[in-house]
Each structure stands twice: as C-alpha cells, then as structure tokens.
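Since every read-out is calculated from the coordinates, none of them should be taken as a lab result. Worth saying up front: this structure is predicted, and the values here are computed from it rather than measured. Here the Cβ positions follow ideal geometry from the backbone for every residue, glycine too, while neighbour counts run over all protein chains shown.
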Amino acid sequence: MLSPLILGIAVLNGLLTGAVYALVALGLTLIYGVLHIINFAHGALLSAALFAAFFAHQKLGLDPYAAALLLAPAFFAVGYALQRFIIGPAARGDERNMLLVTLGLAVLIENALLYAFRADTRTVDLPYSFKTLDLGFVFLAVPRLISFAAVFAVALALWAIMALTDTGKAIRAVAREKLGAELAGIDVAHVYAMTFGLGTACVAIAACLLVPTYYVNPGAGNAFVLIAFTVVVLGGMGSVPGALIGGLIIGVVESLGGFLLGESLGQVSIFLIFIVVLLLRPRGLFGASA
Amino acid sequence: MKGPLLIAAVVAAFAAVPLFVHSNVVFNFLVVTLLIALAGQGWNIIGGYGGQYSFGHAAFFGTGAYVTAILQMRYGVNAWIGFVGGIAAGAAVGAIIGGLAFRAGLRSSYFALVTLAFAEVLRILASVAPITGAGVGILIKLDLRPQSFQFQSRAVFYLVILALVAASLAIAQTLERSRFGAWLIAVRENEDAAMALGVDATAVKLGAMVISAAVTAAAGCFYAQYFLFVDAGIAYGPWISIEALLTPIIGGAGTVFGPLVGALAVKALGEGAKLWTGDVPGLDLMIYGALLVIVVAFAPAGLVGTLANVRERAARRLRAPRKGRAEAARG
C-alpha cells in the first residue's frame with residue numbers, strides 16, 4: 001500500500017500546496033524582517049482578500065488571475081494605510097502593543113466579514129477549476145500548477161523590488177539599522193508602511209491563486225495563518241528564501257502527515273514542528289540569530 | 001477605601017444582587033460576565049503583572065473544563081473533586097507550557113506564538129481523541145443536587161462564581177503585595193535588569209504561569225458545571241483565549257480589579273449591541289476587536305489605570321493652587 005509511487009504523489013501535491021503557504025508566509029516574514037512584529041491580522045486580511053477575489057468574479061466577472069492585477073495594488077494600499085494610520089500610531093513602537101493591535105484588527109476584520117457575509121461557505125466555479133494535467137503516473141490540478149509558478153514569479157518580483165529599487169534599498173536599510181537609516185534621512189514610518197503594504201499585497205495575490213480551488217468564508221484565512229507562522233518560524237523570521245523553502249517543506253509534511261496519520265493529526269504534526277522549532281531553534285533554518 | 005476592604009465591599013455589592021433581582025436572564029448575564037472576569041484574572045497574573053502576553057489561555061480553560069467533565073462522566077468521580085482535579089490539571093499544563101517556553105527563553109511575540117500553538121494542538125487533539133468525546137463532546141449528566149455541583153437556582157450558581165472571583169481578587173491582591181509579586185513586576189519592566197539584581201526570572205515567570213493557569217482552569221471547570229457540555233471548539237477555541245486577554249487589557253492589565261471591570265464593560269457592550277441590532281453573529285467580537293485597538297491607542301493603562309491617572313491629576317491640580325497661595329503669602 002505504501003508504494004514509493006503513492007508517496008511520490010503525496011510529495012508532489014504537498015509541494016504544490018506548500019507554494020501557496022510560502023506566498024502567505026512571504027508577506028509575514030517580510031513584515032517581521034523589517035518591522036519586527038508578528039502580524040496577527042495576516043489571516044484575517046487573507047480572508048478579506050478571498051472575499052474580494054470572490055466578489056471580483058461574481059460582480060465584475062473578473063477571472064481570479066486577472067483580479068490579482070487589481071487586488072494586489074488595492075491591498076497594498078490597505079496594508080499601507082493600516083500600518084501608517086492605525087498600527088503605527090496606536091502601538092507607538094512598543095512590541096506588546098503591536099501584538100495587541102494586530103490581534104484586535106484580526107478579530108475586527110474577521111468578524112466584520114462574518115457580520116457582513118455570514119458564515120456561509122462560497123466557492124467560485126471556473127471552467128478550469130477541475131482541469132488536470134496528466135503526467136503519466138499522476139494527475140495534477142492545473143490551477144495548482146499555475147499558482148506554483150506564480151508564487152515563484154512573485155518571489156522573483158519581490159527580490160527585484162528589494163534589490164533594484166530605491167524603495168527596496170530603503171527597506172533593507174531600515175531592516176538592518178533603523179536609527180542609522182533615520183539619520184540618513186529615510187522616512188521610517190513611510191518605509192514601515194510600504195513594507196506592510198507589500199506583505200499585504202502578497203496576501204492578495206495568494207487569495208487570487210487560492211480562489212479557483214479553495215472555499216471562501218470569514219475564517220478561511222485562519223487555516224493558513226497558523227501554517228504561515230510555522231513556515232516563517234521554520235524558515236527563520238525575516239528570511240525570504242527561508243519562507244519559500246519552509247513553505248515547501250511544510251506543504252510536504254502536511255501532505256505526508258495527512259496521508260499517514262489522517263487529516264486532523266496531519267495538522268498536529270505541523271504544530272508540533274512549530275513548537276519544537278520555536279523551543280529548540282527559534283531562529284529557524286535560515287534566520288539570523290534571534 | 002483600599003485593599004482587602006475594597007474587595008470585600010465590591011463582593012458584598014455583587015452578593016446583594018439576588019436580594020433585588022430574580023430574573024434568570026440577569027443571572028445568566030452576570031454568571032457569564034464573572035466567568036470571563038475569572039478567566040481574565042488568570043491571564044492578568046502572567047500577562048498583566050508578568051508582562052508575558054499569552055495568546056493561548058484556552059489551553060488552561062479547556063483543560064479545566066474537560067478534566068472536570070471526564071473525571072465525572074468517565075470515572076464517576078464526585079463533581080467537587082472533579083473541580084479540584086480540573087484546576088490541578090490546568091496548573092500542570094501551565095507548568096509544562098511555561099517550563100518549556102521560559103526555559104527556551106521565548107519572549108513577547110515568540111511566547112504569544114508558542115502559547116497559541118499549544119492551544120491549537122490541544123484543540124485538534126480534543127476533537128479526535130475518544131476520551132474527550134471527539135467531535136461530539138461530553139455531556140455532563142443533569143443531577144441538580146449541591147453535592148454534584150449543580151443547583152436548582154441560577155442565583156446559587158451566581159454566588160458560587162462570585163466566590164471564585166472573590167478568591168481570584170484576593171490572589172491578585174496578595175500577589176501584588178508580596179515579594180514574589182515585586183519580582184514578577186520587575187521582570188515585566190526590565191527582565192535583564194531584574195536578573196542582574198538576582199531575580200531568577202525563569203522561576204518567577206514559571207510560578208506566575210502556574211497560578212495563572214490554575215485560575216483560568218477554575219473558570220473552565222465552572223463552565224463545564226454550569227453549561228453541562230464541553231466540546232473542542234468551546235473549551236480550546238480561540239474565543240476564550242481572546243476574551244481572557246481582552247478583559248484585563250481593557251479593564252487595566254496588572255491591576256486587581258482590571259479583569260472584573262473589563263469583563264463588565266465588554267459584556268455590557270456586547271449585550272447592548274445585540275439588543276440594538278438583533279443577534280447577528282460577529283457583531284460583539286467585531287466591537288471587542290475595535291475596542292482592543294482603541295484602548296491600546298488611547299488608554300494603554302485600561303479603564304482602571306486611566307481612572308487612577310485622572311484622579312491623580314485632579315488631586316495634583318487641587319493641591320497646586322494651595323501651594324501657589326502659600327508661596328504668594330511668603331513672598
């Protein structure tokens with residue numbers, strides 16, 4: 001029963017799922033790397049983005065992949081505004097306050113969605129939702145292959161922004177030495193907000209990639225966010241390659257764990273990795289020393 | 001009025017309620033409010049006094065609730081003994097989580113994350129393990145006798161939870177005035193400095209975590225006895241982690257009365273919103289989330305702390321002109 005072929009298929013599927021985890025985690029790790037806060041509102045923002053992608057398809061007839069071009073800038077603006085006008089001023093630079101403010105926003109956003117749209121689960125029907133690619137030994141879902149490729153495109157774009165633009169340079173400067181960057185005339189509040197915006201844009205793209213195969217409800221994002229925390233901790237807080245590799249690893253662990261232990265216990269295996277990594281090596285695989 | 005006297009007065013005022021009110025709706029509201037105040041007082045000990053923000057106090061609440069229910073229904077243990085067992089189990093879980101997290105040196109964000117993860121692991125395990133009734137949950141058999149910790153009248157339940165809250169207020173007060181409490185607050189204010197002065201930060205945090213877990217577990221035990229039903233989403237769900245944190249933060253973290261004041265404010269607001277718009281899911285939590293952001297932004301000391309600040313400022317303003325007059329007379 002446990003033939004290598006079946007295990008191989010589980011691993012392949014895990015890699016495809018893991019890519020989306022990686023994208024959600026990418027936003028989280030970017031924000032952590034620069035602002036040094038764990039954004040507890042990340043999952044709620046993902047739920048909001050899923051709803052946005054759903055309604056873009058429902059009301060405007062936009063294909064989710066096309067909607068990404070619209071939603072990524074829109075959520076960039078949302079993230080920018082959240083950090084600039086709410087999180088930054090409310091937390092006043094205190095780490096405990098930031099935890100509370102992002103948690104408060106998470107509760108607020110998730111329940112505003114629940115209030116507005118109720119707990120009903122919605123799905124988007126697309127002609128290619130169930131298209132598969134026959135590799136001879138396995139059928140792979142086409143939307144998941146597309147999202148796999150898209151995640152690496154986004155990671156590349158993010159790298160380009162960080163490496164080649166002035167904004168990217170400013171972000172890296174603030175991440176490395178905040179006070180020095182401030183003295184060199186960099187507007188730190190603006191850079192923080194830009195970073196938060198980029199992280200939130202990652203979430204919007206992830207939502208557009210998920211919508212063809214995933215469901216939409218007010219708690220949908222939460223399923224991802226704890227996994228994304230795990231990915232970020234495993235890969236190392238603030239490390240972009242860590243988030244990518246961590247995402248793929250967690251995707252495979254979940255797929256194999258679910259296959260071998262059943263779905264619920266597969267989830268537990270992820271959290272156990274999370275706890276063990278936190279306790280034994282909190283800087284993760286690729287993180288700088290904590 | 002200060003200290004034990006104030007606690008006695010507040011508890012007496014609450015205890016007088018059954019003399020005037022006989023409505024079960026009111027008792028239900030008050031019982032749930034006091035239940036959250038108790039869970040919040042637990043959070044307050046490690047979070048408010050110790051500055052270690054736990055995002056997973058559901059781990060203790062749920063353990064208390066489940067152990068109470070399991071001891072009674074699976075092993076035929078008396079409910080009161082089950083109650084004590086639930087508190088002990090909650091404290092043990094607190095010792096394990098605290099021991100692991102503090103020994104590994106996890107602070108702030110990392111501590112919040114690891115507590116959250118433990119609560120999630122327990123929730124998932126409780127939703128599949130046979131002993132917890134898996135997805136179905138556990139019903140406690142209806143047996144309305146005081147020796148089974150079940151009462152005909154809501155008023156008696158109300159007095160029982162009030163006694164538990166009174167005990168938790170006394171614990172917080174004792175902590176605040178003890179040497180241990182001073183160490184704990186020193187660790188919150190500056191852990192490295194406290195250690196340099198010879199405070200064993202890990203041991204102090206661990207001790208506070210155990211007390212904190214026991215108090216929150218007591219709230220879980222009471223929940224099981226009051227509602228006679230426990231399942232994974234209720235016992236280990238994120239709602240209780242959030243409410244246990246919300247009430248002391250809003251009422252005033254690191255103050256004796258913060259959790260009680262916060263619970264009254266939060267529950268009154270939630271009920272008010274429900275009366276106003278009808279019972280729409282999400283509305284009360286939506287308000288709580290907004291409230292959390294607003295309090296952190298504008299009243300970081302919480303309701304109790306802000307009130308104290310205002311009083312102090314008013315007192316200073318009253319004193320100031322008198323001093324001015326004295327100086328004028330001298331000049």
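Specify the angular offset, from 0 to 90 degrees and rounded to the nearest 10, of the alpha carbon long axis of helix A:95-117 from the longest principal axis of the alpha carbons in chain A.
Approximately 50 degrees, to the nearest 10.
Between helix A:240-261 and chain A, what is the angle of the helix's C-alpha long axis to the longest principal axis, kept within 0 to 90° and rounded to the nearest 10?
30
Could you pull out every one of the lysines with an alpha carbon less than 18 Å from that of A:Lys178, ignoring same-chain neighbours closer than 8 positions?
A:Lys169
Which value at 222 nm does chain B reach when only helices count, each DSSP H run of 4 or more adding -39,500 (n - 2.57), with the total divided by all residues and rounded to the nearest 500 deg cm²/dmol?
Helices in chain B give a 222 nm mean residue ellipticity of -25000 deg cm²/dmol.
What is region A:4-280's relative contact order, in percent, from Cα pairs under 8 angstrom and six or more apart in sequence?
Taking the mean separation of contacting Cα pairs over the length of region A:4-280, I get 41 percent.
As a footprinting exposure proxy, order A:Met162, A:Met194 by other Cβ within 10 Å, with the fewest listed first.
A:Met162, A:Met194
In whole angstrom, note down how far apart the Cα centers of region A:66-112 and region B:158-183 are.
Taking the Cα centre of region B:158-183 as reference, the centre of region A:66-112 is 37 Å away.
Could you give the distance between the Cα centres of region B:1-17 and region B:262-283, to the whole Å?
Using only Cα atoms to place each centre, the spacing works out to 26 Å.
Evaluate the relative contact order of chain B (contact order divided by residue number), counting alpha-carbon pairs under 8 angstrom at least 6 apart; express in whole percent.
30
Using 1/(1 + (r/R0)^6) with R0 = 45 angstrom and r between the beta carbons of B:Ala301 and A:Phe55, what's the FRET efficiency to the nearest 0.05?
So, using R0 = 45 Å, E works out to roughly 0.65.
Using a 10 Å cut-off on Cβ to Cβ distances, tally the other chain neighbours for every residue of B:272-284 and report the average as a whole number.
Other-chain Cβ atoms within 10 Å of each residue's Cβ, averaged: 2.
About the Cα centre of region A:4-280, what is the dipole size in debye to 20, counting +1 per Lys and Arg Cβ and -1 per Asp and Glu Cβ, all else neutral?
In total the dipole reaches around 200 debye.
Angle, helix A:42-60 long axis vs. longest principal axis of chain A, Cα atoms, 0 to 90°, nearest 10?
Roughly 70 degrees, rounded to the nearest 10.
Could you tell me what a quarter of the Cα convex hull surface of the protein assembly as shown works out to, in nm² with one decimal place?
Hull-based average projected area comes out at 34.4 nm².
Can you give the charge dipole size of region A:145-284 about its Cα centre, rounded to the nearest 20 debye, using +1 on the beta carbon of Lys and Arg and -1 on the beta carbon of Asp and Glu?
260
Assign unit charges at the C-beta atoms only (+1 for Lys and Arg, -1 for Asp and Glu), then state the dipole size of region A:156-230 relative to its Cα centre in Debye, rounded to the nearest 20.
That gives a dipole near 140 debye.
On a C-alpha basis, how far is the centre of region A:31-57 from the centre of region A:175-207 in Å? Whole number, if you could?
Their Cα centres are 16 Å away from one another.
Show me the chymotrypsin sites (Phe, Trp or Tyr not before Pro) within region A:122-175 that DSSP assigns to loop and that have at most 11 other Cβ atoms within 10 Å of their Cβ.
Loop-located and lightly packed - A:Phe137.
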